[in-house]
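Participant: Quick one: the structure is below, and I'll ask about it shortly.
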Amino acid sequence: MLALLLALAAVQDTTIVIQPESSSATLQARALPRLVSDEVIRFYNDPATTRLVGRTRLPHGNEWRGNVAVRNGPVFVAGRVQGTLVVIDGDLFFEAGAEVSGDVIVVGGTVDTTSSPKVGGELRQYREPLLYRVRNEGDAIEYAPNLRRRLPSLGAQVSWGSAESRSSLTISTGGTFNRVEGFPIVFGPVFDWKLQQSFRLRIDALGVFRSAGDLSDNRSDLGYMFRSELRSGEVRPVGLALRAFDVVSPVEDWGLHSNEVGWSSFLFARDYRDYFLNKGWAARAFAQPERPLSLSLEARREWHTSVAAQDPWTIFRNSEAWRLNPPIDEGHFTTLAATVAVDTRNDPEDPTAGWLARFSFENSRSSDVVPHAGVPPTVRDSIPTDGSYEFNRMFVDVRHYARISPSGRINVRLVGGGWMGGDPLPLQRRLSLGGPEPMPGEPFRESACNRDFVDPAFAGSQLAACDRVLAFQAEYRGHVKLNWSYNPSSAPKDEGSTPFWLEGVDLVIFANTGQAWLVGDGPGQTPAGRIPGLASWLVDVGLGADWSGFGIYIAKAVTTGERLRFTARLEHRF
C-alpha cells in the first residue's frame, strides 16, 4: 500500500493538505510551470521592457508605449497599453475603456475583466506565484525555486471534471504526526463546483484514520471533517462556510510550523505540542474587500476532552517514552471569534518585502466546564461551575519584511496575546515561551508558569500554563550566491523534473526576546495593565544558514546562561 501511494503521488497535479487547527483541508495546486516562469523572466529582463514595482495605475486617456512588466501589484488599467502587459505576483483590474494591443499575462494573481477591455493578443492567467529573486537593484530577476515544494507528497488522488468544476477522491497523509494520533490519514471526496459566473460551492467530506489506535474508551480511531463553503467573487470574495469536525487540535500552534513538529516527532520522538480532542460544528462568514485585507467572523460549538499520549513508532529513540500529554479543562464551549488580516507581502511563502498582520479576538463560554482539580491556586483563580464561565482571549502576529540592499534583508516580528478579561483561561487556551521557536537558544517552554504544579497527572508534561505571552524577533538575511551544477538552458522545462542544485544560501543573524507570565496581583504575577519588567525577559542571539527554507541554526541564551543549542528547520523562521 505504501509503495502504491508513493507511486501515485508522483503523478498528481494537486496535493491534499489537512489543517487540523481549522478542521478543514485544502487542495494545493502545483507550482507555476517552468516554461511560463522562463517566459516571464525573459520578458521582465528584456532591456526594451519598462519595469514598474508596487501599486500601479494607468488613468483613462493615458498611454504606455512599449512592453510593460509590473511586480507586486495590484495594477489598475483604464488607459491604453501599446504593447504587452505582464503582471507578476499581483492582481490586474481593467476599468472602462482599457485597451492592450498585445498580450496580457498575469502570474500569481487574477484578472478582472468585467469592464470588457480590448486585448489585441491572448490573455493568460496563472494563480501560482512566480518564484524569483531580485538582482541588479531591481533591474532584473532570476528564477529562485522553493525547494520545500519539491518534497514528495504521500498520497493519491483521482479527479473528474474541468478546471472550473471538479470532483476528487483522495487519500493522503495529512496533518501532523504526533504522539496522540500517529499518522493521521485523510480520505474521502472533495467537490469544487462553479455554480454561476461568480459563485462557487466547495464541499469536503473527509474521514481521518488515526494510525496510533483508539484515543480513549469512548472514542474510536476514526475522526471526520466536513466542510461546505459558498463563495462569491474571485478578486474580492465574500462567502459563508459551515463545518463539522472530530479532530485532534493543538494547544499552541504559533511556534514551530506543523510539518517541523511532525518530522521532529516522527524522527526523534520529540513532540513540541500538546493536544486535545475537539468535536463540534462551526459557521463562518468571510470577506476580502481588498486584496491585502481579509475579515472573518465565526461561531463555534465545541466539545473539548483530554486524551492521553499513545506510543506511535518513530525512526530514532523508538524505545524512549513519549512526553506526557497533559489533561485539559473539559466541557462544551460556545465561541464567537473575529479575525482581521492584512497581507501586503510580495510572496506568502518566501517574502522579501511587505507586511503581514493578523489579529484575532474570541469570546468563549461554557455551562458545563469541568476544571481540572490539579491546577494550583497560584496559577489561576477558581473557574465557576454554575454555568456562568466566560473568558476573552486575543492574539496578534505582526511581521515586516524589508530589502535594504540587492542581497540583504531585515525581517522583524512582534507576536503575543492571551487572556483579555473574564474568568481565567482553560488549560487548553494557555501559553508559554521557549525553544526551539521562537527562542531557539532557550530550553523547551523555559517560561511556562508551571512550576507550582504537583498533581501526578501533570508530571513530566511541561504544560503551558501562562496567561499571556509577548515576543520580538529580528533577523538580517544576506544572500550568498554559489551557482554550481545548475544550467537553466539545459534543464527540463517541467517543474517536477528539474534537477536538484545549489544556487545560493541566506546567511542569517538573529536576536529574540520575550516573556510569558501570569496575570494578577499575587506573588509571581503581573497586574493586568502591565507587562513584566524588561530585566526578567528572556534574550537569545544566534546565526545560521538557510537554503530555500532548509536551515541550520546555532543559538545562545544571553540571560539564562544556557549552552549553545543547534536547531534544524524546514521553513523560514517567520
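Participant: Quick one: which residue in Ala287, Ala283 is touching a residue at least 12 places away in the same chain (Cβ under 8 Å), surrounded by fewer than 19 Cβ atoms within 10 Å (Cβ to Cβ), in contact with an Asp or Glu (Cβ under 8 Å, 6 or more places away or on another chain) and of a type in the set (A, V, I, L, M, F, W, C)?
Facilitator: After ruling out the rest, the residue left standing is Ala283.
Participant: Is it the case that Val81 is aliphatic (A, V, I, L, M), touching a helix residue (DSSP H, G or I) at 6+ places or on another chain (Cβ under 8 Å) and either crowded, with 17+ Cβ neighbours inside 10 Å or not in a strand (DSSP E or B) (or both)?
Facilitator: So Val81 fails the test.
Participant: Moving on. Considering each residue of segment 428-451, count those that are more than 22 Å from Gly542 (Cα to Cα) and not basic (Lys, Arg), and give that number.
Facilitator: Residues that pass the stated criteria total 5.
Participant: Could you please find all residues in segment 358-398 being open to solvent by less than 30 Å² (accessible area, probe 1.4 Å) and over 22 Å from Phe333 (Cα atoms)?
Facilitator: If the condition is that a residue be open to solvent by less than 30 Å² (accessible area, probe 1.4 Å) and over 22 Å from Phe333 (Cα atoms), then Pro376, Asp397 are the ones that fit.
Participant: Could you list, ordered by first residue, the pairs with Cβ atoms under 7 Å in which the first is in segment 52-64 and without any contact (Cβ under 8 Å) to a residue 60 or more places away in the chain and the second is among the polar types (S, T, N, Q), at least 6 apart or interchain?
Facilitator: Taking only residues 6 or more apart or on different chains, the pairs are Gly54/Asn72; Glu63/Gln82; Trp64/Thr50; Trp64/Gln82.
Participant: Condition check: among the aliphatic types (A, V, I, L, M), more than 15 Å from Asn278 (Cβ to Cβ) and either open to solvent by 70 Å² or more (accessible area, probe 1.4 Å) or under 22 Å from the mean Cα position of the chain (by Cα) (or both). Does Val251 satisfy that?
Facilitator: Answer is no for this residue.
Participant: Kindly state which strands (runs of 3 or more DSSP E) lie completely within segment 226-319 and contain at least 3 residues that are aromatic (Phe, Trp, Tyr).
Facilitator: Result: 275-290.
Yes/no matrix, rows are residues, columns are (1) closer than 13 Å to Leu425 by Cβ; (2) at pLDDT 95 or above:
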site: Ile315; (1), (2): no, no
site: Asn318; (1), (2): no, no
site: Ala321; (1), (2): no, no
site: Asp329; (1), (2): yes, yes
site: Val340; (1), (2): no, yes
site: Arg345; (1), (2): no, no
site: Asp350; (1), (2): no, no
site: Arg358; (1), (2): no, yes
site: Pro371; (1), (2): yes, yes
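Participant: Is segment 301-319 home to any residue that is under 30 Å from Asp89 (Cα atoms) and surrounded by 14 or more Cβ atoms within 10 Å (Cβ to Cβ)?
Facilitator: Within segment 301-319, not a single residue is under 30 Å from Asp89 (Cα atoms) and surrounded by 14 or more Cβ atoms within 10 Å (Cβ to Cβ).
Participant: Do we have Gly175 as in a loop (DSSP other than H, G, I, E, B), at pLDDT below 85 and open to solvent by less than 70 Å² (accessible area, probe 1.4 Å) here?
Facilitator: So Gly175 passes the test.
Participant: Residues being open to solvent by 50 Å² or more (accessible area, probe 1.4 Å) and touching a residue at least 12 places away in the same chain (Cβ under 8 Å): count how many of those fall in segment 503-527.
Facilitator: The number of residues fulfilling the criteria is 4.
Residues are listed down the side, and each one gets a yes or a no for (1) modelled with pLDDT under 85; (2) of a type in the set (Ser, Thr, Tyr):
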residue: Asn67; (1), (2): no, no
residue: Pro74; (1), (2): no, no
residue: Phe94; (1), (2): no, no
residue: Thr110; (1), (2): no, yes
residue: Leu131; (1), (2): yes, no
residue: Gly138; (1), (2): yes, no
residue: Arg150; (1), (2): yes, no
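Participant: Among the residues of segment 415-433, is there at least one that is under 26 Å from Phe566 (Cβ atoms), open to solvent by less than 40 Å² (accessible area, probe 1.4 Å) and modelled with pLDDT under 95?
Facilitator: no
Participant: Restricting attention to segment 100-118, which residues are within 19 Å of Pro59 (Cβ to Cβ), hydroxyl-bearing (Ser, Thr, Tyr) and open to solvent by less than 50 Å² (accessible area, probe 1.4 Å)?
Facilitator: Matches in segment 100-118: Ser101, Ser115.
Participant: So Asp540 ticks every box in (1) under 13 Å from Asp506 (Cβ atoms); (2) modelled with pLDDT of 95 or more but one. Which box is left unticked?
Facilitator: (1)
Participant: Then there is this: Got a sec? Which of Gly61, Gly90, Gly121, Gly97 is within 28 Å of Pro351 (Cβ to Cβ) and either open to solvent by less than 40 Å² (accessible area, probe 1.4 Å) or assigned to a loop (DSSP other than H, G, I, E, B) (or both)?
Facilitator: Gly90
Participant: Working carefully through the options Leu356, Leu324, find the one that is closer than 27 Å to Gly262 by Cα, within 29 Å of the chain's Cα centre (by Cα) and part of a loop (DSSP other than H, G, I, E, B).
Facilitator: Of Leu356, Leu324, the one residue that is closer than 27 Å to Gly262 by Cα, within 29 Å of the chain's Cα centre (by Cα) and part of a loop (DSSP other than H, G, I, E, B) is Leu324.
Participant: OK, next. Among the numbered criteria (1) free of Cβ contacts under 8 Å to residues at least 40 places away in the same chain; (2) assigned to a strand (DSSP E or B); (3) over 19 Å from the mean Cα position of the chain (by Cα), which single criterion is violated by Val396?
Facilitator: (3)
Participant: A further question on this structure: Among Asn363, Asn411, which is in contact with an Asp or Glu (Cβ under 6 Å, 6 or more places away or on another chain) and either part of a strand (DSSP E or B) or of a type in the set (Ser, Thr, Tyr) (or both)?
Facilitator: Exactly one of Asn363, Asn411 is in contact with an Asp or Glu (Cβ under 6 Å, 6 or more places away or on another chain) and either part of a strand (DSSP E or B) or of a type in the set (Ser, Thr, Tyr) (or both), namely Asn411.
Participant: Against the conditions (1) open to solvent by less than 70 Å² (accessible area, probe 1.4 Å); (2) out of contact with any His (no Cβ under 7 Å at 6 or more places or on another chain); (3) closer than 22 Å to Met394 by Cα, where does Val261 fall short? Just the number, please.
Facilitator: Of everything listed in (1) open to solvent by less than 70 Å² (accessible area, probe 1.4 Å); (2) out of contact with any His (no Cβ under 7 Å at 6 or more places or on another chain); (3) closer than 22 Å to Met394 by Cα, Val261 misses just condition (3).
Participant: Taking segment 530-569 on its own, how many of its residues are part of a loop (DSSP other than H, G, I, E, B) and either touching a helix residue (DSSP H, G or I) at 6+ places or on another chain (Cβ under 7 Å) or among the hydrophobic types (A, V, I, L, M, F, W, C) (or both)?
Facilitator: Of the residues in that region, 6 qualify.
The values are calculated or read from the model by the stated rules, or taken from the named source; none is laboratory data. All values reported here derive from a predicted model rather than from experimental measurement. Neighbour counts run over all protein chains shown; Cβ positions are idealised from the backbone, glycine included. Surface areas here come from the heavy atoms of the whole protein model, side chains and all, with no ligands, DNA or RNA. Shrake-Rupley method; radii C 1.70, N 1.55, O 1.52, S 1.80 Å.
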